[in-house]
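Have a look at the structure below, then the notes.
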Amino acid sequence: MEILNPAKTPPFYINEDIEVEESLRLKYRYLDLRRARMKANLFLRHRVVKFIRDFLDAKGFIEVETPILIKSTPEGARDYLVPSRLHWGKFYALPQSPQQLKQLLMVAGIEKYFQIAKCFRDEDTRADRQPEFTQLDLEMSFIEEEDIFNLLEELFTSLVETLKPEMQVVKPFPRLTYTDTMERYGTDKPDLRFGLEIGDLSDIASQSDFSIFRSVMAKGGKVKGICAPGCATYTRRQLDELNKMVQGLGAEGLITMSLGTSAGSLNDLTLDLVRSVAAKFLSLEQIKEMAKRLGAEMGDLLLIIAGEPELVNIALDELRREMGHRLKLVAPNLFALAFIVNFPLLKRDQETGQWEPMHHPFTAPRDEDVSLLDTAPEKVWGKHYDLVCNGYEIAGGSLRICTSHLQRKIFKLLGYSDEEVEERFGHLLEAFDYGAPPHGGIAVGIDRFVMILAGEETIREVIAFPKSQTATDLTFNAPSPVTEEQLAELHLRLREEQ
């Protein structure tokens, strides 16, 4: 026997799928990847990417690599900047996405482009985000939204049926409007594997004698709720848990309404069977109307939140997901995908009052709304769409602006001066003047989709060498200091922290 290389005892078990502190796993990632589950995730990711490449190649797409060192342009997050040694005082930026590059490829006549692209965003610490991530970037010329939808539906359906035949895909993928989705689910990335849809109770609440409802409505707020079927017997402790959860999300509190203790028809409901702090301020008819609107029967529990509309939606979205899992309503082997369409083109920044893009500044407005850009920007709808799956947004795209005149108008609305437009986007606007075709595309989050396929909870489980939640590489101990010589070559000096 010849010992090729002696090995130390690893810091955690390799041949057992036991719980190990994540920081330890990330520090010794090369050992973590020996574990069967992690290796299976990498093989799955490989097969997903290969399937995508083969599928798009058969559809006539060409894969084009785009640069990693580009110009800094605003796209929604902070850029990672790279100082240039040869051009003193100037910087490259790592691309947040190949957005402008793929639009330039459309001008170049590359009618069907795709790329498995690395993207970089210097964001503040957020759960389950990575500073570098991988997406399928895809763009086509002379298309409408339905062309993108049909292509993506065929791609994802065939991918899941081939790589995960035990899973069921709901098809065709429904098209849901942004407004309708926000009303019914409180979010633009709903989990459609179960019901528990949100109902608006504001009109009923405004006619009640309940002071909480009336004060919220007087301030322009909303009263909304969901029905938890069969949960009228929830204990005080269980109700307190739900109340603390919504308070942690910013809501003032949760109003609960138990409709009796056993199943039955609402016709049998009487006021003495209703258990709620709000019951004595509501008539029986008002309670029944609320119950009907939420699809409730006797034995069910109404969960109601009153407050500022955005906070109400956020809290009810999380509450709906929580109850879906508690009640085991989520079908485990189901992929429920849907396209979300008809987004507003612009939104107001709450602090500055400045217009900012709902998606990005290159999204085209609806043709019939272009004239409203001068008079009522808030009424303009964009040609923007998302693809959601099981409560996650896995793709986002749009039909693009393809004329320099309209693009300049959007930049002006967003507050850019003529000088800033020329400095940051002059290359793109000049390209449009050479005959840019109508075009559009979509970007699919590879990490997120593989995570869902693998049944994992975070994207870190499907990335070979991920960063921690604080954007730290624990294997290489990066970011790390560099030498004074390296800084001098780049004409940089570290300033003392004030």
- Query: Out of all the residues in the range 456-479, is one or more basic (Lys, Arg) and part of a loop (DSSP other than H, G, I, E, B)?
  - Reply: yes
- Query: Residues of the range 378-403 being small (Gly, Ala, Ser) and closer than 26 Å to PHE425 by Cα, which ones?
  - Reply: GLY382, ALA395, GLY396, GLY397, SER398
- Query: Residue check: is LEU311 among the aliphatic types (A, V, I, L, M), surrounded by fewer than 20 Cβ atoms within 10 Å (Cβ to Cβ), more than 16 Å from the chain's Cα centre (by Cα) and in the same structural domain as PRO229 (by TED's automatic domain parsing)?
  - Reply: yes
- Residue count, the range 243-277, condition within 16 Å of ILE212 (Cβ to Cβ), free of Cβ contacts under 8 Å to residues at least 60 places away in the same chain and in a loop (DSSP other than H, G, I, E, B), comes to 4
- Item | Complete set of residues in the range 378-397 that are within 10 Å of PRO365 (Cβ to Cβ) and either without any contact (Cβ under 8 Å) to a residue 60 or more places away in the chain or of a type outside the set (D, E, K, R) (or both) | VAL380, TRP381, GLY382, HIS384
- Which listed residue, of GLY353, GLY264, GLY307, is of a type in the set (Gly, Ala, Ser) and within 21 Å of LEU201 (Cβ to Cβ): GLY307
- Checking SER97 against (1) hydroxyl-bearing (Ser, Thr, Tyr); (2) closer than 23 Å to LEU429 by Cβ; (3) surrounded by fewer than 19 Cβ atoms within 10 Å (Cβ to Cβ), which single condition isn't satisfied? (3)
- Task: May I ask you to say which residue of VAL49, VAL107 is buried (at least 18 other Cβ atoms within 10 Å of the Cβ) and in contact (Cβ under 8 Å) with a residue 24 or more places away in the chain?
- Result: VAL107
- Task: For the range 159-174, enumerate the residues that are free of Cβ contacts under 8 Å to residues at least 12 places away in the same chain and among the acidic types (Asp, Glu).
- Result: GLU161
- Message: Just to verify a result, which residue in the range 21-46, among those that are under 28 Å from the mean Cα position of the chain (by Cα) and part of a loop (DSSP other than H, G, I, E, B), is surrounded by the most Cβ atoms within 10 Å (Cβ to Cβ)?
- Response: LEU33
- Query: Which residues, counting only those in the range 331-348, are more than 19 Å from the chain's Cα centre (by Cα) and farther than 18 Å from ASP374 by Cβ?
  - Reply: ALA331, PRO332, ASN333, LEU334
- Task: Among the residues of the range 439-455, write down those that are part of a helix (DSSP H, G or I) and not acidic (Asp, Glu).
- Result: ILE446, ARG448, PHE449, VAL450, MET451, ILE452, LEU453, ALA454
- Query: Is there a residue being within 22 Å of LEU151 (Cα to Cα), buried (at least 17 other Cβ atoms within 10 Å of the Cβ) and assigned by TED's automatic domain parsing to the domain that holds PHE362 anywhere in the range 74-94?
  - Reply: no
- Query: Just checking, how many residues over the range 205-242 are part of a loop (DSSP other than H, G, I, E, B) and touching a Pro at 6+ places or on another chain (Cβ under 9 Å)?
  - Reply: 2
- Task: Could you look through the range 457-484, keep only residues that are closer than 18 Å to ARG126 by Cα and among the charged types (D, E, K, R), and pick out the one that is nearest to the chain's Cα centre (by Cα)?
- Result: GLU457
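The values are calculated or read from the model by the stated rules, or taken from the named source; none is laboratory data. Only a predicted model underlies this, so the values are computations on that prediction, with no experimental measurement involved. As a convention, Cβ positions derive from the backbone with ideal geometry for all residues, glycine included, and neighbour counts pool all protein chains shown.
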